[in-house]
1. Between residue A:216 and residue B:31, what is the spin-label point distance in nm, taking each point 7 Å from the Cα along the Cα→C-beta axis?
2. Placing the label point 7 Å from Cα along the Cα-to-Cβ direction, what are the distances from residue A:48 to the equivalent spots in the other copies, shortest first, in nm to one decimal?
3. Shortest first and in nm with one decimal, please list how far the residue A:194 label point sits from its counterparts in the other copies (point 7 Å along Cα→Cβ).
4. Restricting to DSSP H runs of at least four residues, report the calculated mean residue ellipticity at 222 nm for the protein assembly as shown, -39500 (n - 2.57) per run over all residues, nearest 500 deg cm²/dmol.
5. From Cα pairs below 8 angstrom and at least 6 apart in sequence, can you work out the relative contact order of the stretch A:77-220, rounded to a whole percent?
6. Compute the long axis of helix A:149-165 from its Cα atoms, compare it with the longest principal axis of the Cα atoms of chain A, and write down the angle in degrees, 0 to 90, nearest 10.
7. Along the axis that rotates chain A into chain B, which residue of chain A has the nearest beta-carbon, and what is the gap in whole Å?
8. Measure nothing fancy, just the Cα-based angle from helix B:64-87's long axis to the longest principal axis of chain B, in degrees from 0 to 90, nearest 10.
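Values in this text are rule-based calculations from the coordinates and carry no lab data. Here the structure is a predicted model, which is why all the values come from computation and not from measurement. In this analysis, Cβ positions are derived from the backbone assuming ideal geometry, glycine residues included, and neighbour counts consider all displayed protein chains.
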DNA sequence: ACAAAAATAATAGTATTACTATCGAAATTG
DNA sequence: CAATTTCGATAGTAATACTATTATTTTTGT
């Protein structure tokens, strides 16, 4: 199912991919998180959905905050894997960057290599909930525990490409983290506050915007 | 105190600027929201801090979610006012845009015209908590109630400038909302996840990055 | 200056959430 | 097949996010 996507072991008490019920917690949990949003999501409701009990879920995850972190980490693991697929055997650095930007800011679809069934739902969760996972008083501790390594390594890898292509550009990490965050923001705006953006669910322009920025900003 | 900063009346039950205790709710509330973060902030704690009771605060604000929305709306009201100050009597459209980008992405300091004491604290709250206010199942209702008008009007005004300067640029609103959101994100990263950015609290590069993007992306 | 109205403080109470604890039954494993 | 882990069922607790009531203080209109 997971094609060995890595999720940091500090995020769970017991590996949810190691048992039937753990996998049910994940798949039903993703669905419920999407349906209810982080605030209204509770382990009690999830337990009812999988015909189990709160106590069982608490044996896998410390609390719903960690459960959300797990899902987000999983998402970035998938993206990391797709980034790798999109750049291996591509010799031109420019093309590697273009492909990377496509993976980071484009919309996934089932034709992409490495596509995983949960990716779409996880992406929605990342768009709607990742701010709540990150902007917490516990960020620094969690960062210390390696919880953001997947994300940081993605930014770092693509920023290195930027540095190779245009060593004079002074803000490579800022550029990449901006494009990643922007993609999620704009897709949220496109649905809920369309006046703030020029993309729509029908005519998605996020990837095109991102390529334009890269093209205008980097000298090759 | 407020220099007539407008905050949407749908955000409060009773205008907190209309009484002593209302003003105390605001000033102490800002402080407590900053100190505790949205999750740990409660009306009970705020009531203790101002030597009053929960019930009194509930007469001013429906709940802490609306209280946060009020603070964020207030912040954008201040920015709106500073935007106006930064562009009136400036004839050159390019210069108007540059000044606007400075207001939107730069750091406020007490020497700026229109500086308000609470601005710095409010900015910190916007950086840390605005995602939690926005990414909610109630966004659409709140948007209907005009709660994001301040923010939308800022993006719209500056996007109009972009359109005047470069009518061929296809994503004016996306560009501006991106630069605004990015400024807050990068400042959060600079403190908590410095590997994701190229700005730091000591050497703030957010405004410079924003000017660079504008300069490279728009043809004049 | 004073009666009427509004605002506040003090207190109590409720439903829900986010857990923790216990314990017997079922499943797994060595 | 005995030992261990896992799970389900149930109970319980502290905190949160409110709502309700009432007595007291403050404000306001005249």
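1. Simple spin-label model gives 4.5 nm for this pair.
2. Its label point is 3.3 nm from the equivalent points in the other copies.
3. 4.4
4. Numbers: 20 runs with 288 residues, N = 440.
Helix-only estimate at 222 nm: -21000 deg cm²/dmol.
5. Contact order relative to length: 26 percent.
6. Between the helix axis and the principal axis of chain A, the angle is about 10 degrees.
7. Residue plus distance in Å, as requested: A:131, 1.
8. Here the helix axis deviates by roughly 40 degrees.
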